[in-house]
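Asks: Can you read through this structure? Questions will come right after.
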Amino acid sequence: MGTDSRAAGALLARASTLHLQTGNLLNWGRLRKKCPSTHSEELRDCIQKTLNEWSSQISPDLVREFPDVLECTVSHAVEKINPDEREEMKVSAKLFIVGSNSSSSTRNAIDMACSVLGVAQLDSVIIASPPIEDGVNLSLEHLQPYWEELQNLVQSKKIVAIGTSDLDKTQLEQLYQWAQVKPNSNQVNLASCCVMPPDLTAFAKQFDIQLLTHNDPKELLSEASFQEALQESIPDIRAHEWAPLWLLRYSVIVKSRGVIKSKGYILQAKRKGS
């Protein structure tokens, strides 16, 4: 993989932005690790395999162009939704803000998901709690810039419904009272609470907010783990210069059968100082 790695390293040394998308993981075949034990392990495996596959297919033309934005994907796994089948599918996403406090990350992520899947609109988007400093409690002020962007996307018909993750009753109530577009769901991590808190359950029932469960770790993708995946896949690179901004995980489900037709990851990373 030496030559492939050198070409990929040269491209990444000149680019300022990396867009990585796995395509439909159900189409990966031989690339798929049989049973990743955690979401973080699955994600890291996906990042490395996508980088390896992309590196092996870099064309000489691309190296001559040195694009500022690199599109890194597993080409055979890319799968857009057939427009004739769109009404039969539910397209859901969960957005993780990793290293950017820019609310424009939200719009970028949703626009890219729509483009990747070939749809005009996502049915449901849940935003994970944005990163905050250790020892600081999540407040409404932390959420507001992202929620405002999500509201704009609902109003421009890019998203049908928006939800939250890991908010307690007080946080959810504050967001609900402030927001123009109300959250229609809130995910609760069952690792941190085996039984739904009664006050949260009562509030959600009163205001018709669906309570869902999830088992994502508090930090699905850290800057360090992204840099390690980058370095392992492309040794000829200064991985410490790169930082992930956001990560989006999507799923496409056949409504009538509840069967997953497609699922994958999209992420954006930036070279620091670019």
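The values are calculated or read from the model by the stated rules, or taken from the named source; none is laboratory data. Computed from a predicted structure; not experimentally measured. Positions of Cβ are generated from backbone atoms using ideal geometry, with glycine treated the same way; all protein chains shown enter the neighbour counts. Surface areas here come from the heavy atoms of the whole protein model, side chains and all, with no ligands, DNA or RNA. Shrake-Rupley method; radii C 1.70, N 1.55, O 1.52, S 1.80 Å.
Asks: From the list ALA239, ALA224, pick out the single residue that is within 28 Å of LEU18 (Cα to Cα), without any contact (Cβ under 8 Å) to a residue 24 or more places away in the chain, of a type in the set (Gly, Ala, Ser) and surrounded by fewer than 16 Cβ atoms within 10 Å (Cβ to Cβ). Let's see the steps before the verdict.
Replies: Values: ALA239 fails: surrounded by fewer than 16 Cβ atoms within 10 Å (Cβ to Cβ).
Answer to the selection: ALA224.
Asks: Answer yes or no as to whether ASP111 is open to solvent by 60 Å² or more (accessible area, probe 1.4 Å) and either of a type in the set (Gly, Ala, Ser) or free of Cβ contacts under 8 Å to residues at least 60 places away in the same chain (or both).
Replies: Criteria not met by ASP111.
Asks: Taking region 180-202 on its own, how many of its residues are surrounded by fewer than 16 Cβ atoms within 10 Å (Cβ to Cβ) and more than 22 Å from GLU148 (Cβ to Cβ)?
Replies: Looking only at that region, the number is 13.
Asks: From the set of residues in region 148-171 that are in a helix (DSSP H, G or I) and β-branched (Val, Ile, Thr), which is nearest to LEU190 (Cα to Cα)?
Replies: Going through the qualifying residues, I end up with THR170.
Asks: Restricting to region 242-262, and then to whatever is assigned to a strand (DSSP E or B) and open to solvent by 60 Å² or more (accessible area, probe 1.4 Å), can you tell me which residue is farthest from VAL116 (Cα to Cα)?
Replies: Out of the qualifying residues, it is VAL259.
Quick grid of which residues meet (1) surrounded by fewer than 16 Cβ atoms within 10 Å (Cβ to Cβ); (2) on the phi < 0 side of the Ramachandran plot; (3) modelled with pLDDT of 85 or more:
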{"position": "THR3", "(1), (2), (3)": "yes, yes, no"}
{"position": "GLN21", "(1), (2), (3)": "no, yes, yes"}
{"position": "CYS35", "(1), (2), (3)": "yes, yes, no"}
{"position": "THR38", "(1), (2), (3)": "yes, yes, no"}
{"position": "GLN57", "(1), (2), (3)": "yes, yes, yes"}
{"position": "PHE66", "(1), (2), (3)": "yes, no, yes"}
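Asks: Just the residues that are of a type in the set (D, E, K, R), in contact (Cβ under 8 Å) with a residue 24 or more places away in the chain, open to solvent by 60 Å² or more (accessible area, probe 1.4 Å) and part of a helix (DSSP H, G or I), please, taken from region 68-90.
Replies: Correct list: GLU88 only.
Asks: I'd like to check something: does region 203-213 contain any residue that is open to solvent by 30 Å² or more (accessible area, probe 1.4 Å), β-branched (Val, Ile, Thr) and either in contact (Cβ under 8 Å) with a residue 40 or more places away in the chain or outside any loop (DSSP other than H, G, I, E, B) (or both)?
Replies: Looking only at region 203-213, we keep the residues that are open to solvent by 30 Å² or more (accessible area, probe 1.4 Å), and these are 205-208, 210-213.
Now restrict to residues that are β-branched (Val, Ile, Thr): 213.
Restricting the remaining residues to those that are either in contact (Cβ under 8 Å) with a residue 40 or more places away in the chain or outside any loop (DSSP other than H, G, I, E, B) (or both) gives 213.
Yes - at least one qualifying residue is present in region 203-213.
Asks: Let me ask something else. Applying the selection to region 203-225, what residues are more than 26 Å from LEU150 (Cα to Cα) and either hydrophobic (A, V, I, L, M, F, W, C) or in contact with a strand residue (DSSP E or B) (Cβ under 6 Å, 6 or more places away or on another chain) (or both)? I'd like the intermediate steps shown before the answer.
Replies: Keep residues of region 203-225 that are more than 26 Å from LEU150 (Cα to Cα), which gives 224-225.
ALA224 - this is the single residue of region 203-225 that is more than 26 Å from LEU150 (Cα to Cα) and either hydrophobic (A, V, I, L, M, F, W, C) or in contact with a strand residue (DSSP E or B) (Cβ under 6 Å, 6 or more places away or on another chain) (or both).
Asks: To continue, here is another question. Mind listing whichever residues of region 123-147 are part of a helix (DSSP H, G or I) and either in contact with a helix residue (DSSP H, G or I) (Cβ under 8 Å, 6 or more places away or on another chain) or without any contact (Cβ under 8 Å) to a residue 12 or more places away in the chain (or both)?
Replies: Answer for region 123-147, where residues must be part of a helix (DSSP H, G or I) and either in contact with a helix residue (DSSP H, G or I) (Cβ under 8 Å, 6 or more places away or on another chain) or without any contact (Cβ under 8 Å) to a residue 12 or more places away in the chain (or both): LEU140, GLU141, LEU143, GLN144, TYR146, TRP147.
Asks: Shifting gears a bit: Against the condition open to solvent by less than 20 Å² (accessible area, probe 1.4 Å), under 20 Å from the mean Cα position of the chain (by Cα) and in contact (Cβ under 8 Å) with a residue 24 or more places away in the chain, how does ALA93 come out, does it pass?
Replies: yes
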